[in-house]
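First comes the structure, then the notes that go with it.
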Amino acid sequence: MDLSGRVAIVTGSSRGIGAATAKALSREKASVVVNYLTGAEMAEEVVKEIKGKGGNAIAFQADVTERKDAERLVRAAIKEFGQVDILVNNAFRPMPSKSFLDLTWEECQDQIDRSLKAAFNCVQAVVPKMMERGSGKIINIVSVLVDKPVAGALAYTAAKSALIGFTRTIALELGPHGICVNMVSPGMTLTEGTMRIEESIRNAVALGTPMRRLATPDDIAGAVLFLASDLASFITGSYFPVSGGYVMS
């Protein structure tokens with residue numbers, strides 16, 4: 001899975017799945033842009049770790065729900081590294097569990113913006129240069145909650161469902177240009193965000209998973225790495241659950 005000479009942008013990569021993905025891509029010799037919204041110190045720590053192991057990385061602040069920021073992010077990657085070969089749309093904003101009748105449309109819209117609008121902006125910003133070169137990899141992070149919903153997560157689930165439809169459609173449009181567009185769908189993953197969930201709930205999900213554990217960020221990053229590599233050069237529009245079999249149980 002050698003990615004020498006490739007350049008990757010990973011949105012929302014100051015922590016959790018995004019940080020693990022940035023590090024995984026770097027281990028295979030990709031140069032990486034570590035995007036963050038507010039976690040500047042954590043993003044710089046990710047960059048420091050990558051550079052400490054001989055890799056190339058920069059941290060770049062951008063709110064990718066804003067079109068101008070997404071464009072700035074892509075321009076910064078090209079200025080620093082010359083091109084963008086891989087885009088991983090991972091940025092999102094967690095929200096507490098909330099029943100449908102207590103939910104506002106504004107909260108739903110915020111989740112849609114964080115998932116769909118952010119990916120829309122970044123893909124439109126990065127694709128023209130990919131089309132010129134006739135190659136590129138786009139990987140969108142979705143969620144197994146679209147297959148196995150839980151009460152209280154309507155806004156998040158609806159936003160990720162929209163991102164799935166977006167991914168499958170642009171895969172059709174971009175395939176003739178040599179650009180692969182795929183999805184990685186994590187199960188519950190041990191991150192800072194999920195550690196706020198009650199332990200009893202985390203344990204119940206783990207017990208309901210055939211592999212009897214929750215995912216780690218590295219589990220998810222491994223799937224992204226595969227899809228970013230030449231091993232996945234004839235895979236597009238595909239949905240990869242990384243859930244330990246949770247969606248089958």
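The values are calculated or read from the model by the stated rules, or taken from the named source; none is laboratory data. These numbers come from a predicted model, not from an experiment. All Cβ positions, glycine included, derive from the backbone under ideal geometry; neighbour counts span all protein chains shown. When the accessible area is computed, the model is the full protein with side chains, heavy atoms only, and any ligands, DNA or RNA have been set aside. Shrake-Rupley method; radii C 1.70, N 1.55, O 1.52, S 1.80 Å.
Observations
- Simple label model, 7 Å out from Cα along Cβ direction - GLU107 to GLU28, nm: 3.8 nm
- Converting the Cα gyration tensor eigenvalues of segment 166-249 into ellipsoid dimensions via √(5λ) gives semi-axes, longest first, of 30, 12, 11 Å.
- Extension gain from ARG168 to LYS129, taking 0.36 nm per residue of separation minus the Cα-Cα distance: 12.0 nm
- Largest to smallest principal axis extent of the C-alpha atoms in segment 39-96, angstrom: 37, 29, 17
- Heavy-atom surface of the chain, accessible at 1.4 Å and reported per residue (Å²): 47 Å²
- Whole-Hz ³J(HN,Hα) from phi, Karplus 6.51 cos²θ - 1.76 cosθ + 1.60, for segment 142-157, glycine and proline x: 10, 6, 5, 5, 6, 8, 9, x, 10, 4, x, 10, 4, 4, 5, 5
- Scoring 47-58, 149-160, 214-225 by mean Cβ neighbours within 10 Å over their residues and listing the highest first yields 214-225, 149-160, 47-58.
- Loop-located GluC sites (Glu not before Pro) across segment 153-249 with a Cβ neighbour count of 14 or fewer within 10 Å are GLU192, GLU198, with loop assigned by DSSP.
- One quarter of the convex hull surface built on the alpha carbon atoms of the chain amounts to 12.7 nm², the projected area averaged over directions.
- Proximity of backbone amide H atoms, modeled 1.01 Å from N, is registered between ALA57 and VAL32 at under 5 Å, excluding neighbours fewer than 5 places apart on the same chain.
- D_trans [Stokes-Einstein, Kirkwood Rh over alpha-carbon pairs] for segment 49-151, 4 °C, 1.567 mPa s, µm² s⁻¹: 83 µm²/s
- Whole-percent carbon and sulfur share, accessible surface of the chain, 1.4 Å: 56 percent
- Loop-located chymotrypsin sites (Phe, Trp or Tyr not before Pro) in segment 180-249 (DSSP state other than H, G, I, E, B) with a sparse environment of at most 10 neighbouring Cβ atoms within 10 Å: PHE234.
- Amide H contacts under 5 Å for LEU190: ALA215, THR216, restricted to partners 5 or more places along the chain or on a different chain, H placed in the peptide plane at 1.01 Å from N.
- Computed from backbone phi, the HN-Hα couplings of segment 9-26 come to 10, 10, 7, x, 10, 7, 7, x, 4, x, 5, 4, 5, 4, 5, 5, 5, 5 Hz, rounded to whole numbers (Karplus: 6.51 cos²θ - 1.76 cosθ + 1.60, θ = phi - 60°; Gly and Pro given as x).
- Under Karplus coefficients 6.51, -1.76 and 1.60, residue-wise ³J(HN,Hα) of segment 83-93 in Hz, glycine/proline x: 6, 10, 9, 9, 10, 10, 8, 10, 4, 7, 10
- Cα-only radius of gyration and Dmax that characterise segment 98-188, units Å: 14.7, 49
- Over segment 103-249, the Kirkwood radius and the radius of gyration, each from Cα atoms, give a ratio Rg/Rh of 1.00.
- By the Cα gyration tensor, segment 200-249 has an equivalent ellipsoid whose semi-axes, rounded to whole angstrom, run 26, 12, 7 from largest to smallest.
- Here the sum of -39500 (n - 2.57) over DSSP H runs of 4 or more residues, divided by the residues of the chain, equals -13500 deg cm²/dmol at 222 nm, to the nearest 500.
- When the trypsin sites (Lys or Arg not before Pro) in segment 61-108 are filtered for DSSP coil states and for at most 13 other beta-carbon atoms within 10 Å of their beta-carbon, no site remains.
- Calculated log₁₀ intensity ratio I(q)/I(0) where the Debye formula runs over C-alpha points of segment 1-63, q = 0.16, 0.17 Å⁻¹: -0.39, -0.44
- Nitroxide proxy distance, nm - points 7 Å out along Cα→Cβ at ARG67 and ARG213: 4.5 nm
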